Each structure stands twice: as structure tokens, then as C-alpha cells.
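Asker: Following this message is one structure expressed as C-alpha cells.
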Amino acid sequence: MADAGDLKSPAARRTGSSPVSGTSAQATVRALAALPFMQIACAGGKCYLDFMAVHLQIRDLPDDLHETLRRRAALRELSLRQYTLEVLQAHCRQPTVDEWLDGLDRLTPVELSLSAAEAVCEAREADDAALMDVLGRS
């Protein structure tokens, strides 16, 4: 099947629409129309594929959660839609625990001169000593 970018003229690539005509192109249009992010408009024997953003609706949102989102959006002087989009984008930029653990597998192991427990104990002792110096105690 042809890629949607293959169907577009240079002008159509700039506008996000793609004129398509012909028998094999019609089959491609039907196949692409089955995708959830596609919309097709036809006029004058040509069809235009428009890539659309997905609309998300959340039903049965608890009132307290809605109020929290609304309040935080207002504090940032954003619409609820804009704020929620930012929250979702920030969440999706963070790796899941499984993705993070998979990333650890790709790291090269490091040899330490001390065990991790010994290093933590030394760091805590150094912090305690620095605090005692600031407080003037010995």
C-alpha cells in the first residue's frame, strides 16, 4: 500500500491534504480511511485525505479531580484543554518503569571501589560531620 506521503503533491503536503484519483488510488483511499486518524473529503472526482488529531473524551471524571485540574489550569492562565494536554505530554515524556528498567540493561556496568552500602555510610558520616561543624558541636 502507498504511504500517505506518496499520495500528496508538494502543495498538498504543506496544507495537510492529499488529492487522490484513479482506481488503485481509490483502493488506497479506502484502506487509509480505515485508520482512526484519517478523514476523507471528496469533490470533483478527487478525494482529499486529511490527517486529524484524535479527540479524547473522559467520561465519569470525579468532581474533585475535575476541580483540581480546573484550578491548576486557572493558576497557569490556561484553558482546561491546554492544561490537560500539557499534563498528558509531560506524563508521556517520562519512561514507564519497564522502559526505564530496559534502559538499565543497555548500560555498561561500573566497578566501584566501595560497595554501595559503604559509599552511602561514608556520605552520611560526611554530611553529619558538616552539620556538626555548622552547629558548632563536636
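Every residue, every condition in (1) loosely packed, with under 10 Cβ neighbours inside 10 Å; (2) under 27 Å from His66 (Cα atoms); (3) among the charged types (D, E, K, R), yes or no:
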site: Val87; (1), (2), (3): no, yes, no
site: Arg106; (1), (2), (3): yes, no, yes
site: Glu118; (1), (2), (3): no, no, yes
site: Glu125; (1), (2), (3): no, no, yes
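Asker: Surrounded by fewer than 10 Cβ atoms within 10 Å (Cβ to Cβ) and without any contact (Cβ under 8 Å) to a residue 40 or more places away in the chain: which single residue out of Asp133, Asp63 fits that description? Show your work before the answer.
Answerer: On the way: Asp133 fails: surrounded by fewer than 10 Cβ atoms within 10 Å (Cβ to Cβ).
From the options Asp133, Asp63, the qualifying one is Asp63.
None of the figures in this text is laboratory data; all of them are computed from the coordinates on show. These figures come from a predicted structure and were not determined experimentally. Backbone-built Cβ (ideal geometry, glycine too); neighbour counts: all protein chains shown.
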